[in-house]
1. Classify the stretch 91-133: rounded, prolate or oblate, from the alpha-carbon gyration tensor (a ≥ b ≥ c, eigenvalue square roots; a/c under 1.5 rounded; otherwise prolate if a/b is larger than b/c)?
2. Over every pair of different alpha-carbon atoms in the stretch 48-166, take the mean of 1/r and invert it; report that Kirkwood radius in Å.
3. As an exercise, find the ratio Rg/Rh for the chain from alpha-carbon atoms, using the Kirkwood inverse-distance average for Rh.
4. Let's test the formula: R0 of 35 Å, r as the Cβ-Cβ distance of Glu4 and Ala253. What FRET efficiency results, to the nearest 0.05?
5. Summing -39500 (n - 2.57) over the DSSP H runs of n ≥ 4 in the chain and dividing by its residue number, what mean residue ellipticity at 222 nm do you reach, to the nearest 500 deg cm²/dmol?
6. Taking each pair of distinct Cα atoms in the stretch 236-367 once, what is the resulting Kirkwood hydrodynamic radius in Å?
7. Under a crude label model (7 Å from the Cα following the beta-carbon direction), how far is Arg230 from Asp198 in nanometres?
8. Please tell me the relative contact order of the chain in percent, rounded to the nearest whole number, where contacts are Cα pairs under 8 Å and at least six residues apart.
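All of the numbers you see were taken from the coordinates with simple rules; none came from a lab. Just so it is clear, the model here is predicted, and its values are computed rather than measured. So basically every Cβ, Gly included, is an ideal-geometry build from the backbone, and we count neighbours across all protein chains shown.
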Amino acid sequence: MKLEGIEIVRASVSLRDPIRTSFGSLDQRDLVLLRAVTAEAEGWGECVAFKTPLYSSEYADAAATVLERFLIPQVLARPDISAETVAEVLHPIRGHRMAKAALEAAILDAQLREWGVSFARYLGVTRDRVPAGVSIGIRKSIADLIDVVGGFLDEGYRRIKIKIAPGWDLEPVRALRERFGADLPLQVDANAAYTLADAAHLAQLDEFGLQLMEQPLGEEQLRQHAELARLVSTPIALDESVVSAECAADAIAMRACRIVNIKPGRVGGYLEGRRIHDLCRANGLAVWCGGMAETGIGRAANVALAALPGFMPGDNSASGRYFEQDLTEPFTLDDGHLTVPSGPGIGVTPLPDVLKSITSSTTWLPA
Ligand code: OSB
Ligand code: MG
């Protein structure tokens, strides 16, 4: 496939209700969108990097810069490119996985549109809908948390995850168990807020029958997660720590986790995310698809990925959980599920008027 050029679109959209995590509050999505143009099609990719480097080292302005200066020129210089070769072409450039993932996604969308094949079919998924889960931030009070969780359960969400941090962990979990019972599928996500010295404290979560605790320790602490796993009975899931299939292989070998949160952006692309799914499945580990409060562009591809057989219910929520107005046709809940898009490519495109209203700048890089 020959690219004619790639456009970088910078835009910004507010969240309806900020999501507070152990590292800060997410109230706005600073967007880096890519439009890959070929003679026959155009494809879209969304970069998941946040405005600030607090979740991981990547952030939106840096992603836009590395895309413009280093990543996009590499793929435009190729007389022939396919989505399957993008990661290898970009491999010499270190890191910047979220930026790379967006570029691969845009090229993959264009390629699949040329072929007239949906991303779901390309992946070989076996489901046409996935159960929706929701990730709920740190709230101002227990009463407020219970209200918010009750609201999401009424909407049909099948799994609840709450953010935790020192000072907001045992009490909210206990309150949710008291109010909603032992059968509620419940997870916690610490976003790296604890240390191994907190092991005895974290073990107090064991009595609540959580599905998992996500990323209790730091991004680079695989060995310490393996030690923590021996001190708590709640299964440990890793998010920030798993940035590649190699990393997942290490985590599995070290028994650092029993479950992996696959965020395609964090691991450098959907194709690497698929490899991690396959690796985990072959090793008997469950995976789920994480979210980064994506617009419909990223959400569409996430929902397709999450329809692979090894995925348990994840952080894929409806558009309305995040935005007043999504960038694409909104994803809505149907009986607690999201429908896997079936049109060519990711199956959705930005709504022109919405895109125009949120765009702050565009940069066209011709081949
Ligand atoms: O760790 O998964 C995370 C939100 C902001 C930053 C980090 C994370 C999250 C979420 C929400 O858990 C994911 C979503 O709903 O898209
Ligand atoms: Mg997480």
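1. oblate
2. 17.7 Å
3. In the chain, Rg relative to Rh is 0.96.
4. My answer for the efficiency is 0.20.
5. -9500 deg cm²/dmol, from helical runs alone.
6. When all Cα pairs of the stretch 236-367 are included, the Kirkwood radius is 15.9 Å.
7. Taking the simple label geometry, Arg230 and Asp198 are separated by 2.2 nm.
8. Computed over the chain, the figure is 23 percent.
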